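What follows is a single structure, written as structure tokens, with notes after it.
Coordinate-derived values only; no laboratory data. None of these values were measured; they are calculated from a predicted model. Quick reminder, even Gly has a Cβ in these numbers, built from the backbone with ideal geometry, and neighbours come from all protein chains shown.
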Amino acid sequence: MASKVLIVAEHDGSKLNPATAKCVTCARGIAGAEITVVVCAADAAAVATQAAQLTGVNRVLTVENPVNAHALSATIAPQIVALAGPFTHVFGPSTTFGKDLMPRIAALLDTAQISDIMAVESPTRFRRPIYAGNAILTVEVEGGAKVVGTVRTASFEGTPAGASAPIEKASVNAELPTYTRFVSVSAAKSDRPDLQTATRVVSGGRALGSADAFKILYSLADKIGAAVGASRAAVDAGYAPNELQVGQTGKIIAPELYIAIGISGAIQHLTGIKDARTIVAINKDTEAPIFEVADYGLVGDLFQIVPELEKLIAAK
Amino acid sequence: MKRILVGIKRVVDYNVRIRVKPDGSGVITDGVKMSINPFDEIALEEALRIKEKGGAEEVVVATVGPAECQQQLRTALAMGGDRAVHVQADGVIEPLVAARALLKLVEKEQPMMVIVGKQAIDDDNSQTGPMLAALWNRPQATFASKVELAEGKARVTREVDAGLETLEVDLPAVVTTDLRLNEPRYVKLPDIMKAKKKPLETLTLGALGLEPKQRLKLVKFEPPPQRQKGIRVKDAAELVEALKKKGLV
């Protein structure tokens, strides 16, 4: 049976999140798959246009409804379930959006979910990390059940734009609950690249010592066009906001360059960066576990080294 | 009675170094320290705080798993849970089975809220909370960093990729906990003694009318690929030199 993959688009109402292009790449790993992206929105036109450009997408479905102005899983899940009938696979990104939504869809479809798909072995066989990435598990979906999965975005490059798939309006017949209401979202406005998709990341840990001291990282990051990340310890201590946390329970990232500054490298942090192309570690503790995974390690006082780095980079 | 149901899972302690069995059939758990999943401890702590502030009258702790799970239930009772329910089940318990078992307990206990960890640190699935909410047809507020109760409602602040999102949900609802919701209390020795006398009910999946259906075949477990160990540079200049050579800065 040919595979038909439905991908739930993540977006903010006007822009398609890059995680969706990564889900498409994952789906393209399923031989011969026909790929449909569904955009649930109040006004889907802009996002649907972006989704239609993704190479490998055969069709974009839009589900427009004023209640879709905010991505509430309780209301989106029944709409996806109403559309899921003809599909063999339903995928979403392994972001907070997808982690919240996809299990709700899987339960309504009475099927298991495969979380954090990192590789496709066959239409029914996938690999995923468990135990904070300390083991890799191969799982097989049995009995011809629908495959619901979240795609580990750090494992896939986004499929390039350049295509133009047809866009169709879908109407769904589903009862939508009103028991969940969006109140607000507070996101720090920043001109820096997005942590999840940045090619370079400068990340700080507990050794920074204060929120004020943490700012030296922003300065270095701006010099090299990097996003800023943080270890759990730095976020817990209040040096950096939660959305900067990198690791098992924060963001899993795969930049070209990751500079870990004053981060000792707990296993839970390392799992978030192991797909980085090049890892640099700066730490005064020569025994810090971060040096075990670093391509370049520099032992020393970060408060001396970081300003030096900035100067040297500026002087190029 | 205003009741909170807390779901906990017995997992390999977060400090244990995980090793895959040589035959690829699983990870080594023999003789390894087991604990309550850290996110579930946060869930229990939150329930206890709500009760202590008068927002609930009873905290019931439940788990689905083998006989040994009763150790973790006793620990949860020592932390302050009022009573425990153990749904005995052996072998692989998939999140959908755990969610179905919790739903049966929800139907019986009629809680105002169910709190569980956002994920278990063993299989990292992050599924059970939303699955329960879906089957129950009730709201979910995942990745909570703040929970405020009002009459018949909860206002929950969530840690999402963009920052912090606030939702209002009608009760009953399912909440899943993130790291910064609270810091769980330490268990004191007298509480461990007291916990031995607290009620712990044992059921089976069968008694709840459920089967331990396994839908995913676990084909093999492998250790992850190791990164090549890199080099030490002596100073910032050498580092910048190396990065420039690779075109990274």
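Brief remarks follow.
- For the stretch A:268-316, a crude dipole built from +1 on the beta carbon of Lys and Arg and -1 on the beta carbon of Asp and Glu, taken about the Cα centre, is about 220 debye to the nearest 20.
- Sparsely packed trypsin sites (Lys or Arg not before Pro) within the stretch B:16-56, loop by DSSP, other Cβ within 10 Å at most 11: B:R17, B:K33, B:K53
- Pairs with C-alpha atoms separated by more than 29 Å, drawn from the list A:K146/B:K118; B:K104/B:K146; A:K4/B:K217; A:K15/B:K9; B:K2/B:K194, are A:K15/B:K9.
- In chain A, excluding the sites themselves, the longest stretch lacking any of the GluC sites (Glu not before Pro) that are in a DSSP loop with at most 13 other Cβ atoms within 10 Å is A:1-141.
- Only DSSP H runs of four or more residues enter the estimate; each adds -39500 (n - 2.57), and after division by the residues of the protein assembly as shown the mean residue ellipticity at 222 nm equals -8000 deg cm²/dmol.
- The stretch B:4-82 versus the stretch A:133-181: alpha-carbon centroid distance in Å: 30 Å
- Taking a straight line from the alpha carbon of A:K274, these lysines sit under 20 Å away, with near neighbours fewer than eight places off in the same chain left out: A:K22, A:K251, B:K229, B:K246.
- The A:T49 and B:K153 beta-carbon pair, evaluated with R₀ = 30 Å, returns a calculated FRET efficiency of approximately 0.20.
- Candidates B:D170, B:D40, B:D178, ranked by Gaussian network fluctuation over chain B, Cα under 10 Å, top entry: B:D170
- Of all DSSP beta bridges in the stretch A:17-140, antiparallel share, percent nearest 5: 60 percent
- Subtracting the Cα-Cα distance of A:L176 and A:D110 from 0.36 nm times their residue separation leaves 21.9 nm of extension gain.
- Shape of the stretch A:133-194, Cα gyration tensor, a/c cut at 1.5: rounded
- GNM flexibility winner over chain A from A:G205, A:G225, A:G247 (Cα, springs under 10 Å): A:G225
- Pairwise FRET efficiency - A:R277 versus B:V219, Cβ, R0 = 30 Å, nearest 0.05: 0.55
- If R0 is taken as 41 Å, the Cβ-Cβ distance between B:D90 and A:N58 corresponds to a FRET efficiency of 0.40.
- Sites listed here are trypsin sites (Lys or Arg not before Pro) in the stretch A:216-313 whose DSSP assignment is loop and whose Cβ has at most 16 other Cβ atoms within 10 Å: A:R277, A:K284.
- Selected from B:V27, B:V11, B:V156 as most flexible by GNM, with chain B as the system and alpha-carbon contacts under 10 Å: B:V27
- Gyration tensor (alpha-carbon) shape descriptor, the stretch B:29-117, a/c threshold 1.5: oblate
- Nitroxide proxy distance, nm - points 7 Å out along Cα→Cβ at B:M1 and A:S14: 5.3 nm
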